[in-house]
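Q: Pasting a structure here, questions to come.
The values are calculated or read from the model by the stated rules, or taken from the named source; none is laboratory data. Just so it is clear, the structure is predicted and the values come from calculations on it, not from any experiment. Positions of Cβ are generated from backbone atoms using ideal geometry, with glycine treated the same way; all protein chains shown enter the neighbour counts. We work out accessible area using only protein heavy atoms, side chains counted, and drop any ligands, DNA or RNA first. Shrake-Rupley method; radii C 1.70, N 1.55, O 1.52, S 1.80 Å.
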Amino acid sequence: MIIKTAEFLMSNSLVAKCPQRDIPEYAFIGRSNVGKSSLINMLTNHSKLAKTSGTPGKTQLINHFLINDAWFLVDLPGYGYAKVSKKLRAGFSQIITNYLKKREQLFCLFVLLDSRLEPQKADLEFMDFLGNNGIPFVMVFTKADKLKPTELERNLANYKTIMLESWDDLPEIFITSATSTMGRDEVLGFISKTNKEFDLSSSEV
Ligand code: GTP
Ligand code: MG
């Protein structure tokens, strides 16, 4: 897919105020500093579209970007940092929970995981929450440039083994690097395929 236009549309904390256009939406989530904003910039080829930072907690609102005037990319706050109610076991904020449960346009959530780390409790619990609530998601490993290929392979195999202890099937998996652009074609190809399914279903109505 060719990205012709990518524009920032709005930031807000209320799902009711998110853009109302009925077009496919893909949101990026994961622990703070995992590389959500960087991945959005890499995919859109706009180095300053989403604000990135070495300090965790940079993104604190729901940020909508309109791509090719046809679909939305959404940058969400990291769930390892934003102030969190202790009652929320998975440890993510009310803003995110409301967004995930209420946003009907959300076609697929991209759960970003740092490829250098062992599976983290917060991430595993978060994916359990998604499964229990029927929220479609794929797994995206980030910062792959920071590992040797053998280390990357070992970490991925380990992650899959641990996931399969509680899941029957694994979701689709992407391996990315915002610095080397690894995984760009694969992620954009997935979005393109999903957009086409939406086009087909809306033309049948
Ligand atoms: P919050 O908004 O705070 O939740 O963080 P975020 O998940 O949006 O992370 P962000 O994109 O701001 O990146 C955090 C840090 O990791 C920055 O210093 C980035 O330059 C760095 N980073 C992100 N992706 C990559 C990558 O693929 N490779 C390398 N080497 N560094 C990366
Ligand atoms: Mg961010």
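Q: How large, in percent, is the carbon and sulfur part of the accessible surface of the chain at a probe radius of 1.4 Å?
A: Of all accessible area on the chain, carbon and sulfur atoms account for 51 percent.
Q: Enumerate the whole-percent occupancy of each 10 Å bin, from 0 to the last occupied one, for all C-alpha pair distances of the chain.
A: For the chain, the pair-distance distribution reads 8, 36, 39, 15, 1.
Q: Where does the chain land at 222 nm, in deg cm²/dmol rounded to the nearest 500, when only DSSP H runs of n ≥ 4 count, each adding -39500 (n - 2.57), divided by all residues? Spell out each step's value before the answer.
A: On the way: 5 runs with 66 residues, N = 205.
Taking each H run of at least 4 residues, the total per residue is -10000 deg cm²/dmol.
Q: How would His64, His46 line up by accessible area, probe 1.4 Å, largest first? Walk me through the numbers on the way to the answer.
A: Numbers: His64 0, His46 70 Å².
Correct descending sequence by accessible area is His46, His64.
Q: Going by Cα centres, the range 97-141 and the range 4-53 are how many Å apart?
A: Computed from Cα coordinates, the inter-centre distance equals 16 Å.
Q: Another question, then. Can you give the charge dipole size of the chain about its Cα centre, rounded to the nearest 20 debye, using +1 on the beta carbon of Lys and Arg and -1 on the beta carbon of Asp and Glu? Numbers along the way, then the final one.
A: Numbers: 25 positive and 23 negative charges, 201 e Å.
Taking the Cα centre of the chain as origin, the dipole is about 960 debye.
Q: Here is a follow-up. From largest accessible area down, sort Leu156, Leu130; use a 1.4 Å probe on the protein chains. Write down the numbers at each step before the final one.
A: Working: Leu156 20, Leu130 0 Å².
Final ranking, largest accessible area leading: Leu156, Leu130.
Q: Each residue of the range 180-195 in order: what ³J(HN,Hα) in whole Hz does its phi give by Karplus 6.51 cos²θ - 1.76 cosθ + 1.60, θ = phi - 60°, with x for Gly and Pro?
A: 9, 6, 4, x, 4, 4, 5, 5, 5, x, 5, 5, 4, 4, 5, 4
Q: Once you have a ≥ b ≥ c as the square roots of the Cα gyration tensor eigenvalues for the range 145-205, tell me rounded if a/c is under 1.5, and otherwise prolate or oblate according to whether a/b is larger than b/c. Intermediate results must be reported in sequence, preceding the final value.
A: Values: a/c = 5.69, a/b = 1.56, b/c = 3.64.
In terms of gyration-tensor shape, oblate.
Q: Now for a different question. Have a look at Phe28, Phe129, Phe141 and tell me which one the Gaussian network model of the chain (Cα, springs below 10 Å) gives the largest fluctuation.
A: Comparing Phe28, Phe129, Phe141 in a Gaussian network model of the chain, the most mobile one is Phe129.
Q: Can you give the accessible area of Ser202, probe radius 1.4 Å, in Å² rounded to 10?
A: Using a 1.4 Å probe on the heavy atoms, I get roughly 60 Å².
Q: Could you report the accessible area of Ser166 in Å², rounded to 10, computed with a 1.4 Å probe on the protein chains as they sit in the structure?
A: Approximately 80 Å² of Ser166 is accessible to the 1.4 Å probe.
Q: Quick one: which of Lys17/Lys160; Lys36/Lys160; Lys160/Lys193; Lys48/Lys148 span more than 31 angstrom between C-alpha atoms? Mind dumping the intermediate values first?
A: Details: Lys17/Lys160 37 Å; Lys36/Lys160 21 Å; Lys160/Lys193 24 Å; Lys48/Lys148 28 Å.
Cα-Cα > 31 Å for Lys17/Lys160; rest within.
Q: As a test of understanding, state the convex hull volume per residue of the range 84-205 from its alpha carbons, in Å³. Intermediate results must be reported in sequence, preceding the final value.
A: Working: hull volume 15.8 nm³, N = 122.
It is 130 Å³ per residue.
Q: Roll a 1.4 Å probe over the protein chains and send me the accessible area per residue for the chain in Å². Write out the running numbers ahead of the final one.
A: On the way: 10780 Å² over 205 residues.
Result: 53 Å² per residue.
Q: If you count only protein heavy atoms and use a 1.4 Å probe, how large is the accessible surface of Glu186, to the nearest 10 Å²?
A: 110 Å²
Q: On to the next question. Compute a Gaussian network model of the chain, connecting alpha carbons closer than 10 Å, and tell me which residue from Ala144, Ala157, Ala178 fluctuates the most.
A: Fluctuation is largest for Ala157.
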